[in-house]
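Below is one structure, written out as structure tokens; comments come after it.
The values are calculated or read from the model by the stated rules, or taken from the named source; none is laboratory data. Predicted model, so just to flag it, every value in this text is computed and none were measured. We place every Cβ from the backbone using ideal geometry, glycine too, and count neighbours over all the protein chains shown. Surface areas here come from the heavy atoms of the whole protein model, side chains and all, with no ligands, DNA or RNA. Shrake-Rupley method; radii C 1.70, N 1.55, O 1.52, S 1.80 Å.
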Amino acid sequence: MSSQVSKLTGARTWRAPLENGLVLIVEPEVLTDGNHDIKKCAAVSETVLAAVYKALNDQHVLNDQHVLLEGTFLKPYLVTPGSDSPKVTPDEIAEYSVSALCRTFPLAIPEIVFLSGGQNKEKATLNLNAMNNLEVLKPWTLSFSFRRALQQSTPRESSGDIPG
């Protein structure tokens, strides 16, 4: 499991940015390949996020690595069904994504910046908007880092293939 890898390599990879006064960017990934439903992705996401932040905390507590959780920057993926599964609504993606974070994510971290996860910019934006519109307590700012989604559309838009 990828969280096992994070635990094993974490001490070495986390030390360099911290020793140089840089922000530690945490970017766990669960692949969307396959036919799993959104519930399976949510369960795996919760396991991975919990393991990654436990490993960060353990480094701080056990090895005096000075990993201050509030000094880390999380760039997670959205909780979605597998690429070969029936699609779900942005509201469902929002509910599962925010729920996974609420169950696993430290309150000490002020902001979560989502990756597009291979979605186009329109779909990624709809999903982020749905998360921000959820009427549940979200103790962090939810934002985006959709570089990949924006880059995917740039060649088409500049070539005039998109009406508008």
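Checked against (1) at pLDDT below 65; (2) exposed (fewer than 10 other Cβ atoms within 10 Å of the Cβ), Ser153 meets all criteria but (2).
Among the residues of the range 115-139, those identified as at pLDDT 85 or above and either surrounded by 16 or more Cβ atoms within 10 Å (Cβ to Cβ) or more than 24 Å from Thr72 (Cα to Cα) (or both) are Glu122, Lys123, Thr125, Leu126, Asn127, Leu128, Ala130, Met131, Asn133, Leu134, Glu135. Only one of the numbered conditions (1) modelled with pLDDT of 90 or more; (2) surrounded by 15 or more Cβ atoms within 10 Å (Cβ to Cβ) is not met by Arg103, and that is (2). Among the criteria (1) part of a helix (DSSP H, G or I); (2) more than 27 Å from Thr141 (Cβ to Cβ); (3) at pLDDT 80 or above, the one Ala50 does not fulfil is (2).
Please find, among Glu92, Glu19, the residue that is modelled with pLDDT under 85 and out of contact with any Leu (no Cβ under 6 Å at 6 or more places or on another chain).
Numbers: Glu92 fails: modelled with pLDDT under 85.
Sole residue among the options that is modelled with pLDDT under 85 and out of contact with any Leu (no Cβ under 6 Å at 6 or more places or on another chain): Glu19.
Out of everything in the range 16-45 that is in a helix (DSSP H, G or I) and closer than 18 Å to Ser145 by Cβ, what residue ends up being least open to solvent (accessible area, probe 1.4 Å)? Give the derivation first.
Here is the first cut: in the range 16-45, the ones in a helix (DSSP H, G or I) are 16-19, 38-45.
Next, from what is left, pick out any that are closer than 18 Å to Ser145 by Cβ: 17, 45.
Numbers: Pro17: 27, Ser45: 1 Å².
Here the answer is Ser45.
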